[in-house]
Structures are given as C-alpha cells and as structure tokens.
Amino acid sequence: MIDALNNAISEVFNQRLRNRKQRELVVATLMTGFSRLAKKPVADLPGRTQEIEEKARKMSENIHLGFAHGRCVVKVVGSSESFLTELRHGTNWYEPWEKVDEIVLAAILVDPSK
C-alpha cells in the first residue's frame, strides 16, 4: 500500500516536470538560491554563473523525484548528477548548498505563474 502511494506521488512530481513552465520555475529558483551562496572572487564570474544556469536548465530536463527510505529524493543522472553533487558540496569558488534538494522540491510543488 505504501509503495503504491509513493509511486503515485512520484508520478505526480514527474508529470509536473514535463511542463516547460514548471522546469523554468525550477531553473529560476535554483539561480535565485545560487545567487545567495557565498562565492570567492574569481575571474569571469558572469560567465561562470551563465554556465551554472545552463547546467541548471539541463538538469531541470532530467530530474526525477522519488522516494527512498520514506523520504522524497531528487534523482538525476549523468552530468546533471555531477552538477547536483557540486551544488550540494560546493566547489573551489562557491560554498556548499546544503538545502538544494529541498529547494528543487519546493520549486516543483509551486505552480508556475500563468
């Protein structure tokens, strides 16, 4: 019974992510959160930030939500998995973002503006 409920909820999440406006909201939310992360002074910050946005856009097309051990989890594959790991743990130019998974989940649950 619990597995059936988890599968049904996962399908609702994944269906929302098929909507282009929903994915755009995920990207916008990620970029807003990323702008608040502490960053080291680096050359070409605008260019690096643009790369982050491109990775976020790609990731938004590959996100799947599911349940593991009774928790909702964000699942991505390939380069998007590496990108999400970088966001979680930080890099040599920006600090870790411990709540990135929760932010992604919230962005998926909020209806995009019409």
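Odds and ends about this structure:
- Of Leu17, Leu37, Leu87, the one that fluctuates the most in a GNM where the chain has Cα springs shorter than 10 Å: Leu37
- With neighbours defined as other Cβ atoms within 10 Å of a residue's Cβ, the residues His69, His64 order from fewest to most as His69, His64.
- For Val73, the residues whose modelled amide H falls within less than 5 Å of its own, excluding neighbours fewer than 5 places apart on the same chain, are Gly66, Phe67, Ala68.
- Over all other residues within a Cβ to Cβ distance under 14 Å of Lys55, the charged ones net out to -1, with Lys and Arg as +1 and Asp and Glu as -1.
- Estimated vicinal HN-Hα couplings, Hz - the range 22-32 in sequence order (Karplus 6.51, -1.76, 1.60; Gly, Pro = x): 5, 5, 5, 5, 4, 4, 4, 5, 4, 5, 5
- Once C-alpha pairs closer than 8 Å and six or more residues apart are averaged by separation and normalised to the residue number of the chain, the relative contact order reads 35 percent.
- Reach of Lys99 by Cα under 19 Å, taken over lysines that are not fewer than 8 positions away in the same chain: Lys39, Lys55, Lys75
- 10 Å binning of all Cα-Cα separations within the chain, expressed as whole percents from 0 upward: 13, 45, 30, 10, 2, 0
- Residues in the range 54-71 carry Karplus couplings, in order, of 5, 5, 5, 5, 5, 4, 4, 7, 10, 7, 10, 10, x, 10, 9, 6, x, 10 Hz; the curve used is 6.51 cos²θ - 1.76 cosθ + 1.60 with θ = phi - 60°, and Gly or Pro positions show x.
- Percentage relative contact order, the range 47-114, counting C-alpha pairs under 8 Å, at least six apart: 19 percent
- For Tyr94, residues with placed amide H under 5 Å, excluding near neighbours: Lys40
Every number in this text was worked out from the coordinates using simple rules, so none of it is lab data. A quick note: this is a predicted structure, and the numbers were derived from the prediction, not measured. So basically every Cβ, Gly included, is an ideal-geometry build from the backbone, and we count neighbours across all protein chains shown.
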